[in-house]
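**Student:** My structure is below; once you've seen it, I'll send some questions.
The values are calculated or read from the model by the stated rules, or taken from the named source; none is laboratory data. Nothing here was measured: the structure is a model prediction, and the numbers come from that model. Here Cβ is always computed from backbone atoms with ideal geometry, including for glycine, and neighbour counts include all displayed protein chains. Heavy atoms of the whole protein, side chains included, go into the accessibility calculation; ligands, DNA and RNA do not. Shrake-Rupley method; radii C 1.70, N 1.55, O 1.52, S 1.80 Å.
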Amino acid sequence: MALTDIRTRRPDPSDAAEITLIDAEGLATGNASFQDTPHDWGSFSASFLTGRGLALIAEDKGAVAAWAGISPTSTRTVYHGVGEVSIYVSATKQGCGLGRRLLGDLLRAAENAGYWTLIAQIFPENNASLSLHSALDFRIVGTRRKLGKMTHDPFEDLWRDVVMLERRSTVIE
């Protein structure tokens, strides 16, 4: 797949089924999230498209291949430029640079929207996501030990560590 075939854009309700499918693929690995059910359009839009939320999808030849979003970390005015990043890439499109392209576009959109600090919380076993974020200037600030316990099979009752990363904008002072 040539990255010239990729187009990023804001998602709309017609993308719901593909977003849900990509989210479900990530959740099935057990290394993407504590969530036990994939986003439907309602939960996706509530998390990433309301208030100061922001989201993009990547299309490959007209089909959604990945999504990325930023949800605000707080409603307090002092933190209005701080958000948490999520990114999910279809299993069939991983490893070709699509995630890097999408996350890079999201970071530029975030700075244009006034975000000055972005955080990512990633399971330490998710090497691909850790590498992707590191390549785009996120830095590890620590590991939160046994932050949460998985609630669904086959991972039920498994305590998980979470690596905390952050990226400070070089554009917004």
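**Student:** Cα to Cα, under 20 Å, and not fewer than 8 places away if on the same chain: which aspartates and glutamates meet these conditions relative to Lys146?
**Tutor:** Candidates past the 8-residue exclusion: Asp36, Glu84, Glu125, Glu156, Asp157, Asp161, Glu166.
**Student:** For Trp67, Trp41, Trp159, give the ranking by accessible area with the largest first, probe 1.4 Å.
**Tutor:** My answer, sorted largest first, is Trp159, Trp41, Trp67.
**Student:** Can you tell me the accessible area per residue over segment 28-94, all protein chains present, probe 1.4 angstrom, in square angstrom?
**Tutor:** Solvent-accessible surface per residue comes out at 46 Å².
**Student:** Identify, among Ala110, Ala66, Ala32, the residue whose Cα sits farthest towards the positive end of the charge dipole of segment 2-110, taking +1 on the Cβ of Lys and Arg and -1 on the Cβ of Asp and Glu, with the dipole about the Cα centre.
**Tutor:** Final value for the positive-end residue is Ala110.
**Student:** If I ignore ligands, DNA and RNA and count only protein heavy atoms, how much of Thr92 is accessible to a 1.4 Å probe, in Å² to the nearest 10?
**Tutor:** 110 Å²
**Student:** Could you work out the helix-only [θ] at 222 nm for the chain, with each DSSP H run of four or more residues adding -39,500 (n - 2.57) and the total divided by the number of residues, to the nearest 500 deg cm²/dmol?
**Tutor:** About -8000 deg cm²/dmol.
**Student:** Leaving out ligands, DNA and RNA, and with a 1.4 Å probe, what % of the accessible surface on segment 23-173 is carbon or sulfur?
**Tutor:** Heavy-atom surface of segment 23-173 belonging to carbon and sulfur, 1.4 Å probe: 50 percent.
**Student:** Can you tell me which of 44-57, 129-142 comes out highest on packing, and rank the rest after it, using the mean Cβ neighbours within 10 Å?
**Tutor:** Ranked from most to least packed, the peptides come out as 44-57, 129-142.
**Student:** Which Cα, out of Ile122, Phe138, Trp159, lies furthest along the positive dipole direction of segment 99-173 (beta carbon charges, K/R +1, D/E -1)?
**Tutor:** Positive-end residue among those listed: Phe138.
**Student:** Could you tally the net charge around Phe123, taking each other residue with its Cβ under 14 Å from the Cβ of Phe123, Lys/Arg +1 and Asp/Glu -1?
**Tutor:** +3
**Student:** So if R0 is 41 Å, what FRET efficiency would Thr92 and Val171 give, r being the distance between their Cβ atoms, rounded to the nearest 0.05?
**Tutor:** Once the sixth-power term is evaluated, E becomes 0.75.
**Student:** Straight-line reach only, C-alpha to C-alpha below 27 angstrom: list the lysines that Lys61 could link to, leaving out same-chain residues fewer than 8 apart.
**Tutor:** In chain and number order, the partners are Lys93.
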